[in-house]
Each structure stands twice: as C-alpha cells, then as structure tokens.
Amino acid sequence: MARSVLILFAHPAFQRSRANRALAEAVRDLPGVTFHDLYEVYPDLLIDVAREQSLLSSHDALVLQHPFYWYSAPALIKEWLDLVLEHGWAYGEAGRALAGKDWMSTITSGGGEDSYGPGGFNRYTITEFMRPFEATAHLCGMRWRTPFIVQASHMSTPARLAEAAAAYRAHILALQRRGEDA
Ligand SMILES: Cc1cc2nc3c(=O)[nH]c(=O)nc-3n(C[C@H](O)[C@H](O)[C@H](O)COP(=O)(O)O)c2cc1C
C-alpha cells in the first residue's frame, strides 16, 4: 500500500511565490498526500502542538517544503520544530513517536548551484547548510532522504519550473512507494 506523506509547507509570502507554487500545485492533490500550509493554518503563528503531533503520527513520511531563507527556513518552521518535536515524544529515552518515519526536505533557493560550494559566494554546499535538519531527523530516529532542491528559482523560466514540478511529483510518488528496507 502506498505510504502516506505529510507535506509541511511554509512560505510567508505564498501569494508572490513562483517556485513553491509550481511545486505545491504538482503534489497537493495526490492521493495519500496531506498538504499542510503552516502560514495559512497559523496566521497568528500560534501552533497547535497536539494537532501537529497527531498529524505526524498518522503519516509515514514527512516532507518539509519551504524556500531557503537565510541559509535555513522561514521562522514558522523553526517555531514548529521548537514546539512540536518535544522531548519524551520525538526524542529522548521514551520519545519514539517518529522513529522509522522518513524525512525529506524540499528546498527552493535564490542562489544558483555555482554560488554554493567552496568557490561560491555562499561558501558551503546546500547539503552542508541542511545538516541541522539532517541531525534533527537523526535524533528523532527518522530516515533522512536526499533533499529535493530547486536552485536559482527566481531566474527559472515557466518551462524550467514545470520541469521541476514534474520531477517533484515523481519524487513524492517514489517516496510513497518506498518500502521499509529502501
Ligand atoms: C528573507 C529571505 C531570505 C532569503 N535567504 C536566501 C538564502 O539564504 N539563500 C538563497 O539562496 N536564497 C535566499 N532567498 C531567496 C529565496 O530562497 C527565493 O526567493 C525563493 O526560494 C523563491 O521561491 P518562491 O518563488 O516560492 O518564493 C531569501 C529570500 C528571502 C525573502
């Protein structure tokens, strides 16, 4: 049976988004996918922890989709991590609620591939910037999946964005099919 996927989406200015909009439209209606728009659900930024934990518990895989902001994520993602991944629930001796579930991050960045890495003006690769997320997944006993990354998103043509959106859809479908031992 296809595994259920919770897409935790965060974009504080979704009405102006091009890249995330294209990606979101490609996956939000897939069967078995719950598209959860954090800024829409929590416009006052007050996160309902019990509701979020229950959503996590009822899905097999978590996808964190957001634009890359200051080498990280929009603020509501940080708030969500701080509040929802509680000690004794998500991590710690008794905290096994997320163990064995998948975590995949979906990132759009303004900077292109050339700007990321030792020779680029951002100095480090996106993989390096993603380490705090990877370590968080690991601490919660989750399986870290290779992030889906769309770079230089502001320069992307509609054709390139459509291509990225189709690839993203295929990626989510593959995540749903992936078995326990994958
Ligand atoms: C507050 C803010 C911080 C940003 N920080 C970065 C960054 O650290 N690295 C980067 O490559 N792009 C950065 N960007 C550019 C966004 O990642 C880019 O505009 C976004 O991914 C485009 O997606 P969208 O069309 O869905 O908005 C930033 C943009 C904003 C508004």
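Using just the helices of the chain, give the 222 nm mean residue ellipticity in deg cm²/dmol: DSSP H runs with n ≥ 4 each add -39,500 (n - 2.57), and the total is spread over all residues, rounded to 500.
-10000 deg cm²/dmol
Using label points projected 7 Å from each Cα along Cα→Cβ, tell me how many nm separate S54 and E128, to one decimal.
For S54 paired with E128, the spin-label model returns 4.3 nm.
Please give the helix 75-84 orientation as an angle from the longest Cα principal axis of the chain, in degrees from 0 to 90, rounded to the nearest 10.
Orientation of helix 75-84: about 10 degrees from the principal axis.
Let me have the relative contact order for the chain, percent, based on Cα pairs under 8 Å that are six or more residues apart.
Relative contact order of the chain: 27 percent.
Can you give the longest stretch of the chain with no exposed loop site, where a site means GluC sites (Glu not before Pro) in a DSSP loop (not H, G, I, E or B) with at most 16 other C-beta atoms within 10 Å?
No qualifying site falls inside 94-179, the longest such stretch.
Could you work out the local net charge near Y116, counting Lys and Arg as +1, Asp and Glu as -1, over the other residues with Cβ closer than 9 Å to its Cβ?
Combined, the nearby Lys, Arg, Asp and Glu give -2.
What chymotrypsin sites (Phe, Trp or Tyr not before Pro) does the stretch 1-77 have in DSSP loop regions with at most 13 other beta carbons within 10 Å?
Loop-located and lightly packed - W70.
How do L56, L8, L23, L139 rank when sorted from fewest to most other Cβ atoms within 10 Å of their own Cβ?
L139, L56, L8, L23
Quick one: Debye curve from the alpha-carbon atoms of the stretch 4-58 only, equal weights, vacuum; give me log10 I(q)/I(0) at q = 0.17, 0.20 Å⁻¹ to two decimals.
Log10 I(q)/I(0), no solvent term: -0.59, -0.79.
Taking neighbour Cβ counts within 10 Å as the exposure measure, how do V49, V33, V63 sort from fewest upward?
Going from least to most buried by this count: V49, V33, V63.
Pop out the ³J(HN,Hα) list for the stretch 2-15 in order, Karplus 6.51 cos²θ - 1.76 cosθ + 1.60 with θ = phi - 60°, rounded to Hz; leave Gly and Pro as x.
Calculated HN-Hα couplings, in order: 4, 7, 7, 10, 9, 9, 8, 10, 9, 8, x, 9, 4, 5 Hz.
Which value, in debye to the nearest 20, describes the size of the charge dipole of the chain about its Cα centre when Lys and Arg Cβ atoms bear +1, Asp and Glu Cβ atoms bear -1, and nothing else is charged?
Rounded to the nearest 20 debye, it is 420 debye.
Rounded, prolate or oblate for the stretch 5-177? Axes are the square roots of the Cα gyration tensor eigenvalues, ordered a ≥ b ≥ c, and the cut-off for rounded is a/c under 1.5.
prolate
So which trypsin sites (Lys or Arg not before Pro) in the stretch 12-47 end up in coil per DSSP with only 16 or fewer other C-beta atoms within 10 Å?
Passing sites in the stretch 12-47 are R18, R28.
Please name whichever of P12, Y71, G111 sits farthest to the positive end of the charge dipole of the stretch 5-177, dipole taken about the Cα centre and charges placed at Cβ: Lys and Arg +1, Asp and Glu -1.
Result: G111, furthest along the dipole toward the positive end.
Taking a point 7 angstrom from the Cα of A94 along the C-beta vector, which residues in the stretch 43-86 have backbone N less than 16 Å away?
86
On a full-extension model of 0.36 nm per residue, what is the gain between D29 and L139, subtracting their alpha-carbon distance, rounded to one decimal in nm?
Length gained between D29 and L139: 36.5 nm.
No lab work stands behind these numbers, since they all come straight from the coordinates. This structure is a prediction, so every number in the text was calculated from the model and none was measured. Here Cβ is always computed from backbone atoms with ideal geometry, including for glycine, and neighbour counts include all displayed protein chains.
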